[in-house]
Amino acid sequence: MDKIEIIKRPIERELSEFKMLFDATLTSTAPMLGDVLGYIRNRNGKMMRPMLVMLMAKLYGVVNPATLHSALSLELLHTASLVHDDVVDKSDKRRGQASVNALYDNRVSVLVGDYMLATSLRHAAYTKEIELVDLVARLGQNLSEGEIVQLANTNNTDFSEEIYFDVIRKKTAALFTASAESGALSVKASAEDVDNAALFGEMIGIAFQIKDDIFDYFENEELGKPTGNDMLEGKLTLPALYVLNEKADKEKRELALRIRSLKASHEEIASFVSYVKQEGGIEHADKVMHDYRNKALALLPEQMDDSLRMALTAYVDYVVERKK
Ligand code: 2DE
Ligand code: MG
Ligand code: MG
Ligand code: MG
């Protein structure tokens with residue numbers, strides 16, 4: 001059976017209710033806003049974060065309205081952040097289609113992202129749980145902080161992995177941490193279980209971004225982004241950092257700094273991509289990603305329902321095995 005099917009099995013009913021509500025929140029009668037929201041709605045995301053919210057709620061209790069509103073709030077914040085991310089990254093593609101900024105312009109992206117952020121906060125409020133509201137607000141801070149640290153890194157001359165992990169923890173893993181944590185919080189799990197859920201989410205989230213960064217080294221039709229896109233944006237991710245620290249000579253390190261400060265040509269970037277692959281950068285990143293996968297699995301409680309165990313295991317494996 002397909003991994004996604006195994007993941008969805010214990011939460012089928014809850015997810016279809018979620019999907020209905022989510023589509024309803026991405027609707028407006030206001031001119032233009034309605035069109036843009038409809039366009040975003042039709043992109044059909046993978047719903048990774050809502051699935052995690054539901055699974056963690058199920059693990060520690062019974063899915064309830066607070067669980068659903070948390071899932072909505074987080075998926076809305078996630079969607080808003082991608083609309084803004086494509087402005088920040090000057091990216092004209094999202095999931096193989098035109099990004100909102102490419103189809104409309106930056107002004108529209110900023111405003112529609114703001115609208116979704118506000119809608120996200122309303123759903124957090126509907127949980128009537130101040131802790132869940134705070135969690136979403138804190139997540140918004142983390143996402144923005146991660147993006148800023150990444151931006152500020154363009155002039156950095158060292159290749160330490162510390163900043164890389166700090167950035168991906170904030171810009172990506174934070175969403176998975178928040179999803180798992182709010183799922184557990186929404187069913188009033190014990191403090192210990194909530195912390196465990198949060199850590200489980202974080203390990204998955206870090207693996208998720210390492211996978212995303214590995215994708216950037218390969219041609220991928222489904223992903224709809226060109227190879228080396230991160231380097232074109234000045235981003236050196238784990239495969240490159242490893243090679244720079246372990247193998248590269250002075251000349252390669254200087255090239256990497258020029259890539260980071262957006263001074264390298266497309267040809268130089270293509271050659272650096274090949275060099276990183278040839279020196280084992282992908283194998284290293286893949287190994288680190290699997291370490292996080294294993295850490296996540298080790299955090300799962302020993303006692304739980306079979307279909308839930310299968311779903312959570314499939315979830316973790318999907319993150320590292322997915323093709324897009
Ligand atoms: C994706 O990284 C990270 C997205 C976080 C975006 C957060 C923003 C600030 P990538 P891909 C813009 C917060 C926004 C709010 C609160 C609305 O590697 O490869 O650029 O998918 O991802 O483009
Ligand atoms: Mg981006
Ligand atoms: Mg980005
Ligand atoms: Mg990426």
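A few points about this structure:
- In terms of other Cβ atoms within 10 Å, K323, K235, K247, K58 run from fewest to most in the order K323, K247, K235, K58.
- Rh (Kirkwood; distinct C-alpha pairs) - the range 214-315, Å: 15.5
- Against the main long axis of the alpha-carbon atoms of the chain, helix 250-260 sits at an angle near 50°.
- The chain, relative contact order [Cα under 8 Å, separation at least 6], %: 21
- When the square roots of the Cα gyration tensor eigenvalues are ordered a ≥ b ≥ c, the ratio a/c for the range 80-128 is 1.5 or more and a/b exceeds b/c, which makes its shape prolate.
- Pairs from K46/K188; K3/K323; K19/K225; K252/K277 whose Cα-Cα separation, in the structure shown, is over 23 Å: K46/K188; K19/K225
- Angle in degrees between helix 191-215 and the longest Cα principal axis of the chain, rounded to the nearest 10: 40
- Cα gyration tensor, the range 3-321 - rounded (a/c under 1.5), prolate or oblate: oblate
- The range 32-130: C-alpha gyration tensor shape, a/c 1.5 cut-off, then a/b vs b/c: prolate
- Separation between Cα centres of the range 123-190 and the range 6-29, rounded to whole Å: 23
- Electrostatic dipole magnitude of the range 89-177 [Cβ: Lys, Arg +1; Asp, Glu -1; Cα centre; debye, to 20]: 440
- In terms of packing, defined here as the mean over residues of other Cβ atoms within 10 angstrom, the peptides 12-21, 59-68 line up highest first as 59-68, 12-21.
- Ranking Q141, A174, A24 by Cα position along the charge dipole of the chain, where only Lys, Arg, Asp and Glu carry charges on their C-beta atoms, puts A24 farthest toward the positive end.
- Sorted on the mean count of surrounding Cβ atoms within 10 Å across their residues, most packed first, peptides 47-53, 80-86, 294-300 read 47-53, 80-86, 294-300.
- Only Lys, Arg, Asp and Glu carry charge here, each on its Cβ (+1 for the first two, -1 for the last two); on that basis the range 235-320 has a dipole of about 460 debye about its Cα centre.
- Angle between the chain longest axis and helix 266-278 axis [Cα atoms, degrees, rounded to 10]: 80
- Estimated dipole of the chain in Debye, rounded to 20 [Cβ of Lys and Arg +1, of Asp and Glu -1, Cα centre]: 560
None of the figures in this text is laboratory data; all of them are computed from the coordinates on show. Values in this document were obtained by computation on a predicted structure and should not be read as measured data. Note that we place each Cβ from the backbone using ideal geometry, even for glycine, and neighbour counts take in every protein chain shown.
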